[in-house]
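I have placed the structure first, in the form of structure tokens, so that the comments after it can refer back to it.
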Amino acid sequence: MSFDSNAFRFALSQFATGVAVITARGPEDQAIGLTMSSFNSVSLDPPLVLFSVDRRAMSLPAMLAARGYAVNILSRAQEGLSNAFAKSLSDKFADVEHTVGHAEAPLLHGALAHFECEPYAHHDGGDHVIFIGRVLRFSTAGEGEPLVFFRGKYHGVSSGDQRAPEWPLPIPS
């Protein structure tokens, strides 16, 4: 029985994921940005997150050399940004409003959340490199609908209350 990569990809598309843009400042001071659906939390103590980058990505060497990066969790209204950062373009940041965070990584305006990270570890992940970042700072927008990717298409999530919960969250008993 041979392994069918296309069927595997289709099976993976059954898992709905949020969409993020990972940003950094490269060693030659260039802004880097990549769209990701492979983002998740790893640890609360220390605060760690991970994402993976395709080994064929033109910006992989610059990402590996970056002093820090930001994870920008996209809102439903930012589908265009997701598409722009998913392609290899000469200037992905043209007309993109942003400020700078840790290690001058761009923080995209309108994102639902930002996680400013320093590199913690890199691991072999087959045709990808797995990046683990230690979160130094984070912020949230407090409201808005997430951009979701499911079965190869963008979707939104609709619920009655889009406000952020009060912190700290109660611990379930």
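The values are calculated or read from the model by the stated rules, or taken from the named source; none is laboratory data. The shown structure was predicted, so the numbers you read here are calculated from the model rather than taken from an experiment. Cβ sites come from the backbone with ideal geometry, for glycine too, and all protein chains shown count toward neighbours. These area figures cover heavy atoms from the full protein model, side chains too; ligands, DNA and RNA do not enter into them. Shrake-Rupley method; radii C 1.70, N 1.55, O 1.52, S 1.80 Å.
Using modelled amide H (1.01 Å from N, peptide plane; none on Pro or chain starts), what sits under 5 Å from the amide H of residue 136, excluding residues fewer than 5 places away?
For residue 136, whose amide H was placed from the backbone, the distant partners under 5 Å are 116, 117, 118.
So how much slack lies between residue 121 and residue 94, counting 0.36 nm per residue of separation and subtracting their Cα-Cα distance, in nm?
Taking residue 121 through residue 94 to full extension adds about 6.7 nm, to one decimal.
Quote the FRET efficiency, to the nearest 0.05, computed for residue 79 versus residue 2 with a Förster distance R0 of 35 Å and r equal to the Cβ-Cβ distance.
It comes to 0.45.
Tell me the per residue accessible area of region 61-166 using a 1.4 Å probe; a whole number in Å² is fine.
Here the residues of region 61-166 average 56 Å² of exposed surface.
Leaving ligands, DNA and RNA out of it, rank 114, 128 by accessible area with a 1.4 Å probe, largest first.
Largest accessible area first, the residues go 128, 114.
Students sometimes get this wrong: rank 157, 100 by accessible area, probe 1.4 Å, all chains present, largest first.
The ordering from most to least exposed comes out as 100, 157.
With a/c under 1.5 counting as rounded, go ahead and sort region 1-84 into rounded, prolate or oblate using the C-alpha gyration tensor (a ≥ b ≥ c being the square roots of the eigenvalues; past the cut-off, prolate if a/b is larger than b/c, else oblate).
Prolate is the answer for region 1-84, as a/c is 1.5 or above and a/b outweighs b/c.
Sticking with the crude label model, points 7 Å out along Cα→Cβ, report the distance from residue 86 to residue 67 in nm, one decimal please.
3.3
Counting only protein chains, not ligands or nucleic acids, how are 25, 9, 137 ordered by accessible area (probe 1.4 Å), most first?
Ranking 25, 9, 137 by accessible area, largest first, yields 9, 137, 25.
Stretch residue 155-residue 38 to full length: gain in nm at 0.36 nm per residue minus the Cα-Cα span?
Gain on extension, residue 155 to residue 38, equals 40.5 nm.
Take the alpha-carbon centre of region 4-41, take the same for region 48-98, and report the distance between them in whole Å.
So the separation of the two Cα centres works out to 8 Å.
Any chance you could list the semi-axes, whole Å, largest first, of the equivalent ellipsoid that the Cα gyration tensor gives for the chain, using √(5λ)?
23, 22, 18
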